[in-house]
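Notes to accompany the following structure.
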Amino acid sequence: MKNSAIAIFAHPDDIEFVAAGTLRLLQQRGWEIHYLNVSTGNCGSLEFSPAKTRRVRLQEGRDAAKILGAHFHPPLCDDLEILYEVKTLRRISAIIRESRASIVLTHAPHDYMEDHMNTCRLAVTAAFTHGMPNFRSVPPRATYAHDVTVYHAMPHGLRDGLRRRVVPGLFVNTAAVHPTKLAALAAHRSQQGWLDASQGMNSYLRSMEEMSRAVAKLAKNRGFQLAEGWRRHLHLGFSANDMDPLRDALGKDALVNRAYEKSLDRV
């Protein structure tokens, strides 16, 4: 069976900011990759109506997924309407079962906005149901029994909602695939004006690169100039053993943060 990974994030362009490099590296190593924006992104425009924004951002998401070589899954909710509720959980559970993913990439548990955090909660619970035949997905999809590992991306600004610095447990060197990551983000053309106006990001393409450099700097490794960072979810209920398939798959492009790992055992 082919190895499979899925990225489950809130809005169109979230994947490109913090996860597209990792996805592309997996794809280059023969993994099947899946791409899900839970929200349509309908509020992300000062120019278009909600209906037109949905259409525009849907096509941009499809274009970005194609650039990454990923299977695209259509969004499920509108902006600010991603709620931790069973109807959405059942639909995300179905998508994970379709993907048969052994790696699930999603948002940090604590981030600057509720859409991100609710998407994280939904992704974690949906991954937990991958082998539960008594939990009904919508549409119905067959469960699977192999291990799943959930990884959390870096939050926006590299800090949680209470301004505390967040440090990755695993760094992924994305320099080799940065041009593809940049092209995928550039596919979200409608976001330039919106992000400049709403968040002062002064070119979303440059902001993504600055974040990648900031994460690489945290690695304190001269070989990493651009990076994405990940924290691994506790394995209990997801896999039989504590494992790190992302590190194993990416080899020299993955660097474990030993200081972070040691800090987990401090009382």
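Values quoted throughout were computed directly from the atomic coordinates according to the rules given, and no laboratory measurement underlies them. Values in this document were obtained by computation on a predicted structure and should not be read as measured data. So basically every Cβ, Gly included, is an ideal-geometry build from the backbone, and we count neighbours across all protein chains shown.
Considering only DSSP beta bridges where both residues belong to the chain, give the percentage that are antiparallel (nearest 5). Once the DSSP bridges in the chain are tallied, antiparallel ones form about 40 percent. Taking amide H positions as modeled 1.01 Å from N, with prolines and chain starts lacking one, the residues under 5 Å from residue 108 and 5 or more places away or on another chain are 153. Efficiency by 1/(1 + (r/R0)^6): what FRET value for residue 49 and residue 85, r their Cβ-Cβ distance, R0 = 25 Å, to the nearest 0.05? Efficiency at R0 = 25 Å is approximately 0.40.
Over the residues of the chain, the helix contribution to mean residue ellipticity at 222 nm works out to -12000 deg cm²/dmol, using -39500 (n - 2.57) for each DSSP H run of at least 4.
Starting with the fewest neighbours, write out 43, 120, 77 ranked by other beta-carbon atoms found within 10 Å of each beta-carbon. Before the final figure, lay out the partial values.
Working: 43 17, 120 25, 77 22.
So the residues, fewest neighbours to most, are 43, 77, 120.
Span-like helix check, the chain: qualifying full DSSP H segments, with Cα axial length of 15 Å or more and mean Kyte-Doolittle of -1.0 or more, are 50-68, 86-99, 114-128, 204-219. Distances between placed amide hydrogens fall under 5 Å for residue 227 paired with 174, 213, 215, 216, all partners being 5 or more residues away or on another chain.
Over all other residues within a Cβ to Cβ distance under 14 Å of residue 38, the charged ones net out to -3, with Lys and Arg as +1 and Asp and Glu as -1. Exceeding 20 Å between C-alpha atoms, which entries from my cross-link table qualify? They are 66/252; 217/252; 66/181; 66/87. The answer is 66/252; 66/87.
Taking a straight line from the alpha carbon of residue 262, these aspartates and glutamates sit under 18 Å away, with near neighbours fewer than eight places off in the same chain left out: 242, 244. Potential lengthening of the chain between residue 167 and residue 213 amounts to 15.2 nm, from the contour at 0.36 nm per residue minus the alpha-carbon distance.
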